[in-house]
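Okay, so here's the structure we're looking at.
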Amino acid sequence: MTNYAIIGSGMMGQEHMRNIALLPDARVSALADPNKAMRQSAAQTASDLFGTEPATFDTYQDLLRGTDVDALVVVSPNHTHHAIMADLMKTGLPILCEKPVGISEAECADMLRWQASSQSAVWVAMEYRYMPPMDKLVHDVTEGRIGQPVQVSIREHRFPFLEKVDDWNRFNAKTGGTLVEKCCHFFDLMRLITKSDPVRLYASGGVDVNFLDESYGGKKPDILDNAFVIVDFENGMRGSLDLCMFNEASHWQEIVTVTGSKASLAAVIPGPSRFSVDGKERLSEVRYSDRTSKQETREVIDVDHAILAAGDHHGSTFFQHQKFQRMVFGQQDVEVTLLDGAISVAMGAAAEESARSGQAVGLTDRIARLRDITG
């Protein structure tokens, strides 16, 4: 039996719990959250899923002192990751840390330094890699199905940020900014597809529709709700991101297209069923467009509905946990490293800077500094 501890038991923490319940011989045996109501809700969820009461703690420090587990899952608010990881990386236990691993390049650099003396294997939870249509797209591009890849285009049109405890996700100071919090996923996908590091980017974004009438302690939310980002990569490829967080009616939440010399491939992914009009799960597709025949073929990707129902990320949290559990057992290596997580944050932070300054931002030196830390 693999015993997991969950640190942070809000909406995403409980999604992790539901997906752990789908794994063989796995359970959540402990959880920590300073919010009493959230902690009690998560404990009930765990009891229903696993048939046993988890040990519950106000703080992660009490959890570490009070229970023995096999793996740690960090799902607390973004701005708490740095302090939490400073302690967790001393345990030697495997860690799955939700994205973004930190809210700044400096926080990520600290974690990379800690890694040099840590026995803990750290996996950064970039769920979008593990959506089945995305996984197929990356595989087919790597196998040469579209010829030489040239461009990566990512479009996400979706609903606004949801309500979170203490409204932490309304402010750049606690999230790192939308282009870190939300879009580190997409910058990670760009690197995964291009197999190259970015050299510069330019972003344009705004706070135009969402949360304009909200105020917390006299402070207005300052997170971007829409943006365009263009990224140049070392190997000559280019990436683009089109983000809109006030388009709930969009049937397809993500469309990721890779265009090459012979063809293009697109992973087309619906949003969570609970935000759709009818509440039903929708199937995703992979679309192949061939230049020679001028024909498009569409392959429907069928994902087990029990897996889809366990979360809001089109099954990806489950498939990520499958691999993380194999890593815990020593059957595979970490797939999304701390360095991967750090570079995605550096890209997001640079995009936030560019959106506010109106200037392109170079990334070569920033990424070189992160790589130098890892030796």
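The values are calculated or read from the model by the stated rules, or taken from the named source; none is laboratory data. Everything numeric in this text was worked out from a predicted model, so none of it was measured. Cβ placement follows ideal geometry from the backbone for every residue including glycine, while neighbour counts extend to all protein chains displayed. Areas reflect the complete protein model, heavy atoms only, side chains present, ligands, DNA and RNA absent. Shrake-Rupley method; radii C 1.70, N 1.55, O 1.52, S 1.80 Å.
Couple of notes before you dig in:
- Asp242 vs. criteria open to solvent by 10 Å² or more (accessible area, probe 1.4 Å), closer than 29 Å to Lys280 by Cα and part of a strand (DSSP E or B): yes
- Among (1) open to solvent by 40 Å² or more (accessible area, probe 1.4 Å); (2) closer than 21 Å to Thr317 by Cα; (3) acidic (Asp, Glu), the one test that Glu127 misses: (1)
- Residues of the range 140-172 that are open to solvent by 20 Å² or more (accessible area, probe 1.4 Å) and either β-branched (Val, Ile, Thr) or closer than 16 Å to Ile269 by Cβ (or both): Thr142, Val150, Ser153, Arg155, His157, Arg158, Phe159, Val165.
- Unmet requirement for Ala46, which otherwise passes all of (1) open to solvent by 50 Å² or more (accessible area, probe 1.4 Å); (2) over 24 Å from Lys174 (Cβ atoms): (1)
- All conditions but one from (1) open to solvent by 20 Å² or more (accessible area, probe 1.4 Å); (2) touching a residue at least 24 places away in the same chain (Cβ under 8 Å); (3) more than 27 Å from Pro270 (Cα to Cα) apply to Ser354; the one that does not is (1).
- Some residue of the range 32-40 being within 20 Å of the chain's Cα centre (by Cα) and outside any helix (DSSP H, G or I): no
- Residue check, His16 open to solvent by 20 Å² or more (accessible area, probe 1.4 Å), assigned to a helix (DSSP H, G or I) and closer than 25 Å to Glu181 by Cα: no
- Only one entry of Thr374, Thr364 meets the criterion of being surrounded by fewer than 14 Cβ atoms within 10 Å (Cβ to Cβ) and in contact with a Leu (Cβ under 7 Å, 6 or more places away or on another chain), and that entry is Thr374.
- Checked against (1) open to solvent by 60 Å² or more (accessible area, probe 1.4 Å); (2) assigned to a strand (DSSP E or B); (3) not hydroxyl-bearing (Ser, Thr, Tyr), Ala266 passes all but condition (1).
- Evaluating Leu201 against the criteria (1) open to solvent by 10 Å² or more (accessible area, probe 1.4 Å); (2) in contact with a strand residue (DSSP E or B) (Cβ under 8 Å, 6 or more places away or on another chain) leaves one unmet condition, (1).
- Subset of the range 50-99 (residues that are among the basic types (Lys, Arg) and in a loop (DSSP other than H, G, I, E, B)): Lys90, Lys99
- One residue from Thr59, Thr45, Thr2 being free of Cβ contacts under 8 Å to residues at least 60 places away in the same chain and touching a strand residue (DSSP E or B) at 6+ places or on another chain (Cβ under 7 Å): Thr59
- Odd one out for Glu156, checked against (1) among the charged types (D, E, K, R); (2) in a loop (DSSP other than H, G, I, E, B); (3) touching a strand residue (DSSP E or B) at 6+ places or on another chain (Cβ under 9 Å): (2)
- Selected residue [in contact with a Ser or Thr (Cβ under 9 Å, 6 or more places away or on another chain) and either surrounded by fewer than 17 Cβ atoms within 10 Å (Cβ to Cβ) or farther than 20 Å from Met134 by Cα (or both)] from Lys280, Lys294: Lys280
- Among (1) in a strand (DSSP E or B); (2) under 23 Å from the mean Cα position of the chain (by Cα) - the single one Ser29 does not satisfy: (2)
- Residue in the range 173-196 that is surrounded by fewer than 18 Cβ atoms within 10 Å (Cβ to Cβ), in a helix (DSSP H, G or I) and without any contact (Cβ under 8 Å) to a residue 60 or more places away in the chain present: no
- When the range 68-103 is filtered for residues that are touching a residue at least 24 places away in the same chain (Cβ under 8 Å) and of a type in the set (Gly, Ala, Ser), the ones remaining, listed by number, are Ala71, Ser76, Ala86, Gly92, Gly102.
- Filtered by the rule that a residue be hydrophobic (A, V, I, L, M, F, W, C) and either more than 17 Å from the chain's Cα centre (by Cα) or buried (at least 23 other Cβ atoms within 10 Å of the Cβ) (or both), the range 1-11 gives Met1, Ala5, Ile6, Ile7.
- Restricted to the range 298-375, the set of helices (runs of 4 or more DSSP H) holding at least 1 residues that are acidic (Asp, Glu) comprises 338-357, 364-374.
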